[in-house]
Amino acid sequence: MLVWAWKSLIAQRGAVLGGALGIAGSFILVVFFHAVFRGESGQIVAYPEHMQPDVWVMQRGVRNMHMATSSVWDWKADKVADIPGVARVTPILYLNSVITAGNQKSFSFIVGLLPDDHRAGPWEMVAGREVSSQGETVIPDVLSNLLDVSIGDRVTIADTSFTIVGLSTGTYSMANSVIFVAFSDLERILSSSGTYSYLLVDAEEGIDPEALAGKIRREVEKVNALPHEEFVENDFAIAMQMGVEIIFMMTVISAILAILIVCFTAYSLVMRKRRELAIAKALGMRGSAVLFGVVFQSCILTLFGFAIAAVFAMIVIPYIPLLLPQLSLTVAVSELLQIGVTALLVAMVGAIIPAYLVLRLDPATAFNV
Amino acid sequence: MAAALLTASKVTKIFGTGHAEVRAVHEVSLEILPAEIVLVMGPSGSGKTTLLSMLGGLLKPSAGSIVLDGIHLTALKESQLPEIRALKIGFVFQAFNLLSALSVEENILFPAQLRAGGIAAARPRAAELIEKLGLAHRRRALPKTLSGGEKQRVAIARALINEPKLILADEPTGNLDSQTGQEVMMILHDVARDQGYSVVLVTHDPRVEDVADRILWLEDGQLRDRKSEQHNWERDPVCGMRVDEWTATEFTDYKDHKYVFCSSRCRERFDKRPEHYLTKREQSADG
């Protein structure tokens, strides 16, 4: 039965290829949306990911950076620095705000750096230099292209004018680019004094970050301290949460589209081979065996479509950011596998109507001329 | 007398209900003996194919019973019939009904999936049938590359693969020219005589009568008496073939004379240019 089902598919190459391409199209949409989402989510946590202190210290109740506000008194930074096992404490100020150039705007993370702080600044520069005095800023290279500005041009951040002195790379995200300014400038924008947003704590060699974080929480009042991995996980989870509904809806829409295409293609195959299916039943094939053949064809068709989508994901998607640098795309193999499982479900659901037709097919019609 | 292989008792099939009710077969009773060739003849719409479908377990009768080799087909559940069809009955169709994606050998082996040992066990039998029916050089060919006669030989081999006791053939010569049709009939004849299969043939073709042991005449859904020697032979004016006016389904009236034809193709050709096919003598006689 499977041989016949397989050979019937092969014999209808045109219809099968057309159907598989349609299915692939809908899965490519799913894979693409996941890749954009995954890539963007990764970029949203790019800053904490690259800073990699052993412990992050912040206001009690705060557990991450994305869309969060934290305020820690400067004397608490001194207290943290005095805890045995702490090698270095690097304070930053942090604000979610908008950068404007001409009529164009972009939402950004603004990081305020103390003078001569290279620990918390941009991790890779492609042009110019780091911030060294007030009124200066370093922005992502991709953002400079999008805003059509370059070194020496002026941009506005939170109603304050800054001069671009450098371009960093790896810091752009469609949702939140990372922009660096002087600590005193951000302090003025925030109208704050004597406070930091986060403390990046580097531990002495051999010190367990988790134990150190616990010690900081116990010894410094009203602060939260988390090991780097946990802090980044929290940040990533928040970023995922914010987009998960959109990506879920896009996945559902694309899956429905795939189901419709599978259903239509399988229906066409069944209608085309209706007479032969009746002959098979007349010759003694059980309805369940013929049904299995139809579901098998539907699965092959869908997996073929999924394979095309997977090849697209692995080969084409990595090259898209070369053409569109503002897109951060990441293809996770685990997500591809999840989509593969979804594809099998799609194949089953898509085969329901054709299967119903097959079950109702009267074997006596084999006698019709 | 040998026990009947197939017994149908007062088999009736009604399609539709109320005003739309059609009694396709009405209280038909018959017995088919082992190794017997029985012809079911009758005009179009007389219920021949419906009867054949019921005998083959493809259609449930509205009333009556059918017993095949001791098995009450009419008492079986729908789910039990496929196995009976695969193992006890061989089908030969007018339109050959080969599976287009499978080769000659795969088509022949197709029903073997349900027999003990499956396809692997049936391969020697398939090879034997392929050899016997002269299909050895076409073993791997697809149906679309076969001639009509070859297709029907494949269909016969497929019907015989599981060594069923009963072969049901619906117009097996209907799509074949006269010579190929004759060959196919001789194969079915040999199958019954040499190997002891019972063959039930539904046909319009009066030439097939020569190989039959019995002829059953079905008309308006009922079996009626008709002796096989009762013929009224006429000549098809187009091809010259001898046609029995009793059984002919293609005929036309021209100048107050009824002409009968072996096929619709001949009738259509005649209808276009009747004077072309009538001899001067016939024309003057008609005139």
Report summary line: Restricted to segment B:139-150 and to residues being open to solvent by 50 Å² or more (accessible area, probe 1.4 Å) and either of a type outside the set (Val, Ile, Thr) or not in a helix (DSSP H, G or I) (or both), the residue nearest to B:ASN175 (Cα to Cα) is B:SER147
Report task. Identify the single condition in (1) within 14 Å of chain B (Cβ to nearest Cβ); (2) closer than 30 Å to A:VAL142 by Cα that A:ARG38 does not satisfy, given that it satisfies every other one. Result -> (1)
Query raised in the report: Yes or no: A:SER328 open to solvent by less than 50 Å² (accessible area, probe 1.4 Å) and among the hydroxyl-bearing types (Ser, Thr, Tyr)?
Result: yes
Query raised in the report: Going through segment B:124-138 one residue at a time, which ones are assigned to a helix (DSSP H, G or I) and in contact with an Asp or Glu (Cβ under 8 Å, 6 or more places away or on another chain)?
Result: B:ARG125, B:ALA126, B:ILE130, B:ARG138
Query raised in the report: Which of the residues spanning segment A:271-286 are among the basic types (Lys, Arg), more than 8 Å from chain B (Cβ to nearest Cβ) and crowded, with 24+ Cβ neighbours inside 10 Å?
Result: A:LYS273
**Report entry** Residue count for segment A:1-21, restricted to those that are under 36 Å from the mean Cα position of the chain (by Cα), in contact (Cβ under 8 Å) with a residue 24 or more places away in the chain and either within 15 Å of A:LEU269 (Cα to Cα) or at the interface with chain B (Cβ under 8 Å from one of its Cβ atoms) (or both)
**Finding:** 5
Query - Residue check for A:HIS66: of a type outside the set (Asp, Glu), surrounded by 17 or more Cβ atoms within 10 Å (Cβ to Cβ) and in the same structural domain as A:PRO209 (by TED's automatic domain parsing) - result: yes
Requested in this report: Working carefully through the options A:ILE256, A:ILE216, find the one that is hydrophobic (A, V, I, L, M, F, W, C), over 31 Å from the mean Cα position of the chain (by Cα) and in a helix (DSSP H, G or I).
Outcome: A:ILE216
Query raised in the report: Among the candidates A:ASN224, A:ASN176, A:ASN234, which residue alone is among the polar types (S, T, N, Q) and modelled with pLDDT under 85?
Result: A:ASN176
Requested in this report: Scan segment B:52-76 for residues that are small (Gly, Ala, Ser), surrounded by fewer than 22 Cβ atoms within 10 Å (Cβ to Cβ) and without any contact (Cβ under 8 Å) to a residue 24 or more places away in the chain and jot them down.
Outcome: B:GLY70, B:ALA75
Report task. Please specify each residue of segment B:1-43 satisfying the condition of being in a strand (DSSP E or B) and among the hydroxyl-bearing types (Ser, Thr, Tyr). Result -> B:THR7, B:SER9, B:THR12, B:SER29
Query raised in the report: Which of the residues that make up segment A:86-109 are modelled with pLDDT of 95 or more and of a type in the set (Gly, Ala, Ser)?
Result: A:ALA87
Query raised in the report: Within the set of pairs 6+ apart or on separate chains, which have a first residue in segment A:304-320 that is closer than 19 Å to A:ALA258 by Cβ, a second that is hydroxyl-bearing (Ser, Thr, Tyr), and C-beta atoms under 9 Å apart?
Result: A:GLY305/A:SER26; A:PHE306/A:THR342; A:ALA309/A:SER26; A:ILE317/A:THR330
**Report entry** Number of positions in segment A:19-56 that are of a type outside the set (Phe, Trp, Tyr), touching a strand residue (DSSP E or B) at 6+ places or on another chain (Cβ under 8 Å), open to solvent by less than 30 Å² (accessible area, probe 1.4 Å) and not in a helix (DSSP H, G or I)
**Finding:** 2
**Report entry** Residue list for segment B:160-173, restricted to those being surrounded by 18 or more Cβ atoms within 10 Å (Cβ to Cβ) and either out of contact with any helix residue (DSSP H, G or I) (no Cβ under 8 Å at 6 or more places or on another chain) or farther than 15 Å from B:ASN107 by Cβ (or both)
**Finding:** B:PRO164, B:LYS165, B:LEU166, B:ILE167, B:LEU168, B:ALA169, B:ASP170, B:GLU171, B:PRO172, B:THR173
**Report entry** Filtered residues of segment B:77-122 (kept if facing another protein chain (nearest Cβ under 8 Å), crowded, with 23+ Cβ neighbours inside 10 Å and in a helix (DSSP H, G or I))
**Finding:** B:PRO82, B:ARG85, B:ALA86, B:PHE110, B:PRO111
Query raised in the report: Are any residues in segment A:337-369 open to solvent by less than 20 Å² (accessible area, probe 1.4 Å) and either of a type in the set (S, T, N, Q) or more than 14 Å from every other protein chain (Cβ to nearest Cβ) (or both), and if so, which ones?
Result: A:ILE339, A:GLY340, A:ALA343, A:VAL346, A:ALA347, A:GLY350, A:ALA351, A:PRO354, A:ALA355
**Report entry** Residue list for segment B:55-71, restricted to those being within 9 Å of chain A (Cβ to nearest Cβ) and within 12 Å of B:THR12 (Cβ to Cβ)
**Finding:** B:LEU59
**Report entry** Filtered residues of segment B:142-193 (kept if at pLDDT 90 or above and away from every other protein chain (no Cβ under 14 Å))
**Finding:** B:LEU146, B:SER147, B:GLU150, B:ARG153, B:LYS165
Query - Test set (1) in contact with a Ser or Thr (Cβ under 9 Å, 6 or more places away or on another chain); (2) within 13 Å of chain A (Cβ to nearest Cβ) - B:ARG138 fails condition number - result: (2)
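The values are calculated or read from the model by the stated rules, or taken from the named source; none is laboratory data. None of the values given here were measured: they were computed from a predicted structure. Neighbour counts are summed over all protein chains in view; Cβ atoms, including those assigned to glycine, are modelled from backbone coordinates with ideal geometry. Ligands, DNA and RNA are stripped out before the accessible areas are found, and what is left, the full protein with its side chains, is counted by its heavy atoms. Shrake-Rupley method; radii C 1.70, N 1.55, O 1.52, S 1.80 Å.
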